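The values are calculated or read from the model by the stated rules, or taken from the named source; none is laboratory data. None of the values given here were measured: they were computed from a predicted structure. Positions of Cβ are generated from backbone atoms using ideal geometry, with glycine treated the same way; all protein chains shown enter the neighbour counts.
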Amino acid sequence: MRILFILLFTILLTAHGRAQTPGYMGKRFQAGYGLYVGPALRGSTANGRTIFGDGGNAESGSFAFNTTHEAYIEYALTKIIMAGFSVRYYKTAYDNAARIGYTQPNNYYNYNYYSNNYDFSTTGPKGSYSITGLNYSVYFKIYFRNFSAPWGRYFIFGPTLRTYTAKLDTTAMKASITDYSYSGKTLTYTPLYGDTKQHFTTFDFLLGFGRNRILYDHVSLDYGFNVNAVAFLYALSDVSGARSSTAGQLGITEISYIETTAKWRTRGVNRLNAFLKIGYIF
Amino acid sequence: MQSISSRAFISAMMVASGLFAQQNLSENYVPLKSQGTLPEVFTQDIKKVVKQDITDLNKSKDNDKNLKSTYFTEANYEIEKIVKSGNTLINDEVSLYLNRLADVLLKNNPTLRNELHIYALKSSVVNAYSYDKGYIFIDLGLIAQAETEAQLAYILSHEISHYTKKHNIQGYVKNEKIDRDHYSGKSYDDKLLEKCQYSKEFESEADLEGFKLFELSNYNFTQAEKAFDVLQYAHLPFELVEFKKSFLETDYFKIPDAYQLKEVSSIKNNANEDDSKSTHPNTAKRKVAIGELIKNRNNSGRVDYILSEKDFMYVRDLARFEMCRLYLKNRDYPNAFYAAYILEQKYPNNQYLAEVISKCLYAISLYDKGDVRYNKDSHLSDGIVGHSEIESYPQQIYFLINKMPANEWTIMSLNYIYRSHKKFPNSVPLNAMADSMFTLIKNVSWGISDFVRTDQKKAAETVVKKDTVVKEIKSKTDMIANIQQERINNNHDTAYYKDIYLDLFMNDKEFVSKFPAASNVEFTPSSGSGFGDYKPSRNNDYVKTEVKRKKKGKKGDNIENNVKIEKVILLEPFYIQIDRAADKIDNLSSDQKQEKLIETVKTIAEKENFQTVALDPGLLTSGDVDKVNDYSVLNDWFFEKFDGDRNSDGVPIFNTDQVENLVKKYGTSYVLKIGIISLKGGRKRTWFYSGIIDLKTNKEVFKLYEVFREKDTRDLINSKIYQTFFELKHGK
């Protein structure tokens, strides 16, 4: 709220001063709707599809994209700077590609000295769980030389608060574990995921480039691409095998499974998106 | 359409009402202006005209409908562009005279006569043009060169024949077909030769058909043949007379013989030059063809003048006076000087000629100093060339310019300009130029001592006490006292120009008061004239020719920050769309986009409550002839201002006299010009320019020049135009 207050204050200040901002034909506000699209790579869409899966339960090889819907309002502070606030909504799913770490069973000799490996094998839980997210961004657009906000090419940046909620059916998300070293016995069980509805919040930083066109002097058509910088930096580790092959043995506990995997997934959705916005300038 | 009788009636009424009372050229000259009611082309809806032409075409059985349809579109826009260019003279003395000639030629063909629209074109080029729909334009350069009325009549007949034979549309169709023939394996040169060949055929046909028309009147046949000599020597001035240095001399100033070129080169005869890559046959061939026709005809009783010799001479003199103005506009000072010199022999007391010559002298002083510059985009792309590149007597002017050192030229210029100012004391330009010349003299530290011989100084010393130091010159004795205190450069004591101002020093209080006697004399030039405001870019330096360039601001920046302007004269915006694929300007698209641009500029200016006075031929009514003239004046002014060298801020615009009146009339000295150039096909580029020039100071006070790697979209254009008005109104 504090940052919104600062933004509002700045707008009022510049509106009263004889700023050098022309806006577009004197119009300095624009508000509208934006559609963001990102490929569902190594992650699932809300309806369980992925272009190139990660060994999870999503239908791999599909033409799958995550979509995000945005409402935004922007104001031309100066000839080259535009400030904006946006709320983005998206829905996705995690297809439970990651395995769950196990607890050391008592009285079992489970380390095979010949193969230097544990002889347990776990699988990811069955099915998937859904995630809905809301991103709040305060951002600034810096227009390139010769362009005048809100018209032209720009660079966009600003802090983003990602909030998201995971909803899961714990009874459907059963996992299994097999002990090869001893009996080859497979045990199916329901991990302790925690609540069926879990909220999380993450901070990120929005970066991108875009091009704003004005049609018929009032309609704004804005297109380009942007990234969430933190999510982008995690790209390599997120798509590496860590979460599927080794996580089962080394990392994700039952109770942290949703938090960890939901974080991966939302990073994936917000990592890189192309967008097309349509708005009204006034 | 007006009938011949109604045209004659209108002309008679104009003469009767005093509109066309002949100018008294022995005293002064007033540049030609359009008069009366503007023709329909100014007010018509061109889209409707094009549509009608195409509808008519579609009713006919024609195999080239597509090509002709494009032709009609382009031709209509082209004609409109020329008529509205500001260079076309409407109902002026010269155009009316040309129409009277057409009346003579077509007295038995009123239908054809009524189809013709004949105008004089303000251009120094020696040419004439015939367009579709009977539009014929004759350059003033051609009229200035013509020797008789009959010659002009033959040239007009030639152009009328182009129209009656529909050469224009046929030529277009033929050209396009040759260009579109991709499968014949013809090279560019082959295609060019083919185009030139049939173009020459059209010209020959127009020569012969024109002669048939010419023959119907009672003009002397031999003048038709001589008309080709006019074309042959079009590169020479309209007359060849020896330039005598005595013209610039006085009793106290004699130019050394070394500065006078005694023997001038002969004139080359290129009549038989290779014309294979020319659109016209060479003049020798054309003369022979006409000669053949004349040979078998009886020429007795035929005359050189049917209208009147006096009228012809008068109209030709008007054209010749205009040539002086057009040469000045083109910054072609040697030719302007020579043209004025020729006319001065006939009209020695003409104020306008004194002004033209003064402007030339002053401009060449600035050129010598490096402040007037040329570059490859200038009309004179090579600047003022050496005399060896010129033919005949004009060489003498070029020789003098190049031979005389810059400082001596300045001294001589002040002498001529000041004396002209005394001769014509009511001339504002002469007064202002004289003041500016004093500034020039002062800025290079010339003082009275430079113009006094040592023995005279000694003589003065006997009269005035030696310790007299006079700060403020109030009398002749003050002046002499100051001379006494100044150092004399003995090396220059014998210089030929020492006595140049002697009589002025002794007898002319104004001269003495304005002449920089020493550095203690402060002199303020008169302002607001476009001349007096000129400040040389460098002080005390006549030697170097390199001039420090103005420090450039950031690209796109205003030239002067925070300039706030509330009212401007808005000149017709320009829009040029270049079709990269076709490697040519898309005239049709350019014109259509220009129309939209005009509307946009108008709308945004109104929306911003910005006061604009539109001087735009696209927005005129039939009674707006004054605006056409004003537009023409400003266009000429801009042409001169932006001729090649864009960094000439502050350098006088010599075509400035009439601009003064515009500033008073419209209540602002700021002129806004907006223009767009865009590329289509291949890589997209758009150039946007908006600039404001202050007519009083000749400086660009606002400039927005930006290049975009974008298409020329509506949002781009709107945004930039809005930015222009916003920044003008509120400052940057």
Q: Please indicate, with yes or no, whether at least one residue in the range B:379-394 is hydroxyl-bearing (Ser, Thr, Tyr), outside the structural domain of B:SER124 (by TED's automatic domain parsing) and over 28 Å from B:ARG316 (Cβ atoms).
A: yes
Q. With B:LYS673, B:LYS699 as the choices, which residue is of a type in the set (Lys, Arg) and surrounded by 20 or more Cβ atoms within 10 Å (Cβ to Cβ)?
A. B:LYS673
Q. Looking at the range A:128-146, which of its residues are more than 14 Å from chain B (Cβ to nearest Cβ) and among the charged types (D, E, K, R)?
A. A:LYS141
Q | Members of the range B:372-400 that are more than 16 Å from B:GLU263 (Cα to Cα) and either buried (at least 17 other Cβ atoms within 10 Å of the Cβ) or in contact with a Leu (Cβ under 9 Å, 6 or more places away or on another chain) (or both) | A | B:VAL372, B:ARG373, B:TYR374, B:SER378, B:LEU380, B:ILE384
(Q) For the condition farther than 23 Å from B:LYS627 by Cβ and acidic (Asp, Glu), what is the one hit in B:ASP62, B:ASP92? (A) B:ASP62
Q. How many residues are among the basic types (Lys, Arg) and without any contact (Cβ under 8 Å) to a residue 12 or more places away in the chain if we restrict to the range A:17-75?
A. 1
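Considering B:ALA234, B:ALA258, B:ALA224, which residue is aliphatic (A, V, I, L, M) and within 25 Å of B:LEU343 (Cα to Cα)?
B:ALA234
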(Q) Here are the criteria: (1) away from every other protein chain (no Cβ under 14 Å); (2) in contact with a strand residue (DSSP E or B) (Cβ under 9 Å, 6 or more places away or on another chain); (3) over 23 Å from B:GLU78 (Cβ atoms); (4) in a helix (DSSP H, G or I). Tell me which single one B:ALA605 does not satisfy. (A) (1)
Q.
Looking for something under 23 Å from the mean Cα position of the chain (by Cα), surrounded by 16 or more Cβ atoms within 10 Å (Cβ to Cβ) and modelled with pLDDT of 90 or more - is there at least one such residue anywhere in the range A:164-171?
A. yes
**Q.** Elements of type helices (runs of 4 or more DSSP H) contained in the range B:54-121, each with 3 or more residues being crowded, with 16+ Cβ neighbours inside 10 Å and touching a strand residue (DSSP E or B) at 6+ places or on another chain (Cβ under 9 Å)
**A.** B:65-83, B:93-105
Q.
One residue is enough: does the range B:660-681 have a residue meeting the conditions within 13 Å of chain A (Cβ to nearest Cβ) and under 30 Å from the mean Cα position of the chain (by Cα)?
A. no
